[in-house]
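The values are calculated or read from the model by the stated rules, or taken from the named source; none is laboratory data. Treat the numbers as computed from the prediction; the structure is a model and nothing was measured. Cβ sites come from the backbone with ideal geometry, for glycine too, and all protein chains shown count toward neighbours. Accessible surface is based on the protein model in full, side chains and every heavy atom, while ligands, DNA and RNA are left aside. Shrake-Rupley method; radii C 1.70, N 1.55, O 1.52, S 1.80 Å.
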Amino acid sequence: MKKNIPNIITCCNLISGCIAVVCALSGSSLMALCWIVIGAAFDFCDGLTARLLNVSSPIGKELDSLADDVTFGVAPSAMLFYELSVMDYPGMLEPLRDWIPYSAFIMAAFSALRLAKFNLDERQTTSFIGLPTPANALFWGSLIAGSSRFLESSPYMSVAMIAVILCFCYLLVSEIPMFSLKFKHWGWKGNEVKYIYAITTVLLLVVFRIQGIALAIAWYIILSLIMNGKKAGNA
């Protein structure tokens, strides 16, 4: 029984993702975001539980990737699909409005590619190469749940959203190093960026609430790029 506990938690992540998809396709973006967050909590706990019980297994790793693609790939794609279905389009794109929303599911495919790369990449034990799928899902979930009126304010917002979707698809599978929030120790030295990010994230959440999640993910990407620029300059 003990060896199945992490897999049960992973399945809870998968179920959360399925519920998020249903909520997304029915237009309940806030509930979809809530279930993505719940799935993220299960995703954190399954690996932690496996390590604590010392019952890590290859099947658990594969199951975890499947659950993650549903919760952090298909669910945000479903939210994007619904949002693109109700947005206005510029005149030249209006004839394609019935087809354009399906482009959202490109995100699910790139999320699957990202997860497959992560499973095989031994460089990502203490940091990430490319944007993690939970961060991507939380960005889109909070953006749609908290800013739907803004996104629907202009026909050209649909064009901007498609451009950002493609940008995030690239980030998912890119070779851009991104820092992890895992702490080896609690001292300031060596953890400066992590503490700065944690403090600013709390401030963003207090001030902007739901939208603060999307802003925090954007800040995470920018901060990672700044760190990479400094490392390249010192090399």
Apply 1/(1 + (r/R0)^6) to the Cβ-Cβ distance of PHE105 and ALA41, taking R0 = 22 Å, and write down the FRET efficiency to the nearest 0.05.
-> 0.30
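Which residues make up the longest stretch of the chain that has no GluC sites (Glu not before Pro) in a DSSP loop with at most 15 other Cβ atoms within 10 Å?
On the way: sites that count: GLU122, GLU152, GLU175.
It runs 1-121.
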Relative to the first principal axis of the alpha-carbon coordinates of the chain, what is the inclination of helix 5-25, with its axis defined by its Cα atoms, in degrees from 0 to 90 and to the nearest 10?
-> 10
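Loop only per DSSP, at most 11 neighbouring Cβ atoms within 10 Å: give me the trypsin sites (Lys or Arg not before Pro) in region 143-235, ordered by residue number. Can you show the working numbers first?
Working: sites: ARG149, LYS182, LYS184, LYS189, LYS194, ARG209, LYS230, LYS231; in loops: LYS182, LYS184, LYS189, ARG209.
Filter output for region 143-235: LYS182, LYS184, LYS189, ARG209.
Counting helices only, and only those DSSP H runs with n ≥ 4, report the 222 nm mean residue ellipticity of the chain as the sum of -39,500 (n - 2.57) divided by its residues, in deg cm²/dmol to the nearest 500. Walk me through the numbers on the way to the answer.
On the way: 9 runs with 164 residues, N = 235.
Per the formula, -23500 deg cm²/dmol.
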Round to the nearest 10 and give me the degree value, 0 to 90, for the angle of helix 75-86's Cα axis relative to the longest principal axis of the chain.
-> 10
Farthest towards the positive end of the dipole of region 43-183, among PHE105, ILE165, ASN119 and with Cβ unit charges of +1 on Lys and Arg and -1 on Asp and Glu, lies the Cα of ASN119
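Give, rounded to the nearest 20 debye, the magnitude of the charge dipole that region 5-141 has about its Cα centre when Lys and Arg contribute +1 at Cβ and Asp and Glu contribute -1 at Cβ. Mind dumping the intermediate values first?
On the way: 6 positive and 12 negative charges, 51 e Å.
Its charge dipole is roughly 240 debye.
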In region 39-92, which chymotrypsin sites (Phe, Trp or Tyr not before Pro) fall in coil by DSSP and have 16 or fewer other Cβ atoms within 10 Å?
-> none
Going by alpha carbons, how many degrees (0 to 90, nearest 10) lie between the helix axis of 29-53 and the longest principal axis of the chain?
-> 20
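Which FRET efficiency value, to the nearest 0.05, do you get for CYS167 and MET1 by plugging their Cβ-Cβ distance into 1/(1 + (r/R0)^6) with R0 = 45 Å? Walk me through the numbers on the way to the answer.
Numbers: r = 45 Å, r/R0 = 1.00.
In this case the efficiency is close to 0.50.
With r defined as the distance between the Cβ atoms of ARG209 and SER57 and R0 fixed at 41 Å, what FRET efficiency is calculated, to the nearest 0.05? Mind showing how you got there, number by number?
Numbers: r = 39 Å, r/R0 = 0.96.
My answer for the efficiency is 0.55.
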Please work out the average accessible area per residue across the chain, using the 1.4 Å probe convention, and give it in Å².
-> 53
Check the straight Cα-Cα distances from LYS117 and name the aspartates and glutamates below 12 Å, setting aside those fewer than 8 residues away within the same chain.
-> GLU175
Within the accessible area of region 95-235, what % is carbon and sulfur when the probe is 1.4 Å and the other protein chains stay in place?
-> 71
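Among the listed pairs LYS194/LYS230; LYS61/LYS231; LYS61/LYS182; LYS3/LYS61; LYS189/LYS231, which have their C-alpha atoms separated by more than 21 angstrom in this model? Don't jump to the answer; show the numbers that get you there.
Working: LYS194/LYS230 16 Å; LYS61/LYS231 32 Å; LYS61/LYS182 19 Å; LYS3/LYS61 13 Å; LYS189/LYS231 17 Å.
From LYS194/LYS230; LYS61/LYS231; LYS61/LYS182; LYS3/LYS61; LYS189/LYS231, over 21 Å: LYS61/LYS231.
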Dipole magnitude of the chain about its Cα centre (Cβ charges: Lys, Arg +1; Asp, Glu -1), debye to nearest 20 | 920
